[in-house]
């Protein structure tokens, strides 16, 4: 059990079956688990389509942040895990679509694979809540 934090909860929570929390609030900070293109039924969305996967991951982030009393506009750190760095241009498009100056801090990492073979991207964010 995690002590001293407030868990982030969403329904349905497809992470629960994997013993993963959606995230935790520590004071005014929200640390989310990595979000990928997995819908409420636990199915991968957009296999082979990086844009569809980014959109689903951002939808999941938005929902989790809102459940914690925050929103996408309060994200200040993003970590991107990409299975193909040739898709970096899509990450740049995502940044312009969802964020504005001052830009969130960012780390982008090329990885060999993610939790499920169809996943192409995973987004990990830290945000504030007021």
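What to note about this one:
- Among the residues of segment 77-92, just one is touching a residue at least 40 places away in the same chain (Cβ under 8 Å) and exposed (fewer than 15 other Cβ atoms within 10 Å of the Cβ), namely 77.
- Residue 121 vs. criteria at pLDDT 95 or above, over 18 Å from residue 48 (Cβ atoms) and under 14 Å from the mean Cα position of the chain (by Cα): no
- Residues satisfying the stated conditions in segment 39-96, i.e. over 14 Å from residue 124 (Cβ atoms), within 13 Å of the chain's Cα centre (by Cα) and not in a helix (DSSP H, G or I): 39, 71
- If the condition is being in a loop (DSSP other than H, G, I, E, B) and closer than 23 Å to residue 111 by Cβ, then segment 1-38 contributes 14, 15, 19, 20, 21, 22, 33, 34, 36, 37.
- Screening segment 97-115 for residues that are in contact with a strand residue (DSSP E or B) (Cβ under 6 Å, 6 or more places away or on another chain) and assigned to a loop (DSSP other than H, G, I, E, B) and picking the one that is farthest from residue 68 (Cα to Cα) gives 111.
- Options 42, 46; residue that is touching a helix residue (DSSP H, G or I) at 6+ places or on another chain (Cβ under 8 Å) and exposed (fewer than 14 other Cβ atoms within 10 Å of the Cβ): 42
- Residue pairs whose Cβ atoms lie under 7 Å apart, separated by 6 or more positions or on different chains, with the first residue in segment 110-130 and free of Cβ contacts under 8 Å to residues at least 60 places away in the same chain and the second in a strand (DSSP E or B), are 110/82; 111/81; 111/82.
The values are calculated or read from the model by the stated rules, or taken from the named source; none is laboratory data. Fair warning: this is a prediction, and the values are worked out from it, not measured in the lab. No Cβ is skipped: glycine too gets one built from the backbone with ideal geometry, and neighbour counts run over all protein chains shown.
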